[in-house]
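S.K.: Questions regarding the structure given below will be posed in turn.
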Amino acid sequence: MWAAFRRGETTQPALARERFRRLLVAIGADPRRATRLAESYLDQLSARGDRLPGCRPLLTRLRRRYRLGVVTNGIDRVQRARLAAAGLAPLFEVVVTSQSCGFAKPDPRILHVALDAMGIEPRHAAYVGDDPPTDGAAARAAGVRFVWLDRGRPVRGRAPRRRVTSLGELTRVFRCAAVAAPSRPPRPR
């Protein structure tokens with residue numbers, strides 16, 4: 001379903017319902033419950049503040065030197081609530097979701113929305129993502145350096161040049177390479 005969404009073949013609300021409709025049909029249950037089940041799932045998911053070990057200290061260190069933003073194909077209310085539940089929301093200057101801007105990765109326009117909101121040129125930015133065909137393709141097409149957070153999943157095609165296998169390695173990558181704009185106070189809104 002997410003692949004169909006990335007290809008522009010479905011919308012997020014349709015995806016949210018259809019994945020549960022398919023599940024209910026597969027288990028012989030009433031598919032008319034899909035909408036209610038989808039809403040309940042999103043409510044529960046929104047309350048989760050899961051984060052990778054070491055994430056908050058790393059982001060706090062990076063924020064001292066770089067401006068940080070989030071770009072995600074996730075559902076707006078879910079992603080914002082999860083960042084808040086994880087205590088990470090204050091660390092990001094911008095959060096751009098495919099739902100809020102109308103573009104989904106690998107479409108580079110979603111990254112351009114974030115860059116424009118931050119007033120950063122693509123050549124002064126880096127995008128860290130764990131899905132090279134989606135995240136990497138969006139970054140390349142937007143003119144942004146891509147750093148692959150390799151979480152051990154197989155990659156279709158050629159692996160990206162900049163690769164880390166842990167969050168701790170990002171400190172080294174960003175210290176050694178000028179891949180993001182220096183911090184400065186957020187622009188007045």
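Rule-based calculations on the coordinates, nothing more; no lab input. As the structure is a prediction and not an experimental result, all values here were calculated from the model. No Cβ is skipped: glycine too gets one built from the backbone with ideal geometry, and neighbour counts run over all protein chains shown.
S.K.: Taking amide H positions as placed in the peptide plane 1.01 Å from N, state which residues far from R163 in sequence (5 or more) or on other chains have amide H under 5 Å from it.
M.R.: W148
S.K.: With labels modelled as points extended 7 Å from the Cα through the Cβ direction, what inter-label distance (nm, one decimal) is found for R32 paired with D50?
M.R.: 3.3
S.K.: A follow-up question, please. Once you sort the root eigenvalues of the Cα gyration tensor of the range 55-176 as a ≥ b ≥ c, which label holds: rounded (a/c under 1.5), prolate (a/b larger than b/c) or oblate (the other case)?
M.R.: It comes out rounded by the Cα gyration axes.
S.K.: While we're on this one: With the Cα gyration tensor of the range 58-101 giving a ≥ b ≥ c as the square roots of its eigenvalues, does the rule (a/c under 1.5 for rounded; else a/b larger than b/c for prolate; else oblate) give rounded, prolate or oblate?
M.R.: Oblate, because a/c is 1.5 or more while a/b does not exceed b/c.
S.K.: At R162 and L24, where each label point lies 7 Å from the Cα along Cα→Cβ, what is the point-to-point distance in nanometres?
M.R.: Going by the 7 Å Cα→Cβ label model, 4.5 nm.
S.K.: I've got another one for you. Taking H as built 1.01 Å from N, whose amide H comes closer than 5 Å to the amide H of Y66, not counting residues under 5 places away?
M.R.: When sequence neighbours closer than 5 places are left aside, the close amide H contacts are S183.
S.K.: What ranking do Y66, Y127 get, fewest neighbouring Cβ atoms within 10 angstrom at the top?
M.R.: Details: Y66 20, Y127 24.
Placing the least packed residue first, the sequence is Y66, Y127.
S.K.: Do the sum for the chain: with -39,500 (n - 2.57) for every DSSP H run of n ≥ 4, divided by all residues, what is the mean residue ellipticity at 222 nm, to the nearest 500 deg cm²/dmol?
M.R.: Value at 222 nm, helices only: -12500 deg cm²/dmol.
S.K.: Same structure again: Around P133, under 12 Å between beta carbons, what's the net of Lys plus Arg minus Asp minus Glu among the other residues?
M.R.: Numbers: positive: R6, R7, K105, R140, R153, R156, R158; negative: D130, D131, D135.
Around P133, the charge tally is +4.
S.K.: Now, a different point. Where the centre of each part is set by its Cα atoms, how far does the range 18-83 sit from the range 140-163, in angstrom?
M.R.: Here the answer is 22 Å between Cα centres.
S.K.: Work out the length of the dipole vector of the chain about its Cα centre, built from +1 on the beta-carbon of each Lys and Arg and -1 on the beta-carbon of each Asp and Glu, and round it to the nearest 20 debye. Numbers along the way, then the final one.
M.R.: On the way: 37 positive and 16 negative charges, 101 e Å.
The dipole magnitude comes to about 480 debye.
S.K.: Next up: Output wanted: per-residue J couplings in Hz (rounded whole) for the range 157-168, from phi through Karplus 6.51 cos²θ - 1.76 cosθ + 1.60, θ = phi - 60°, x for Gly and Pro.
M.R.: x, 7, 6, x, 5, 8, 9, 10, 10, 8, 4, x
S.K.: How much net charge surrounds F20 when only the other residues with a Cβ under 14 Å from the Cβ of F20 are counted, with Lys and Arg +1 and Asp and Glu -1?
M.R.: With Lys, Arg at +1 and Asp, Glu at -1, the neighbours total +3.
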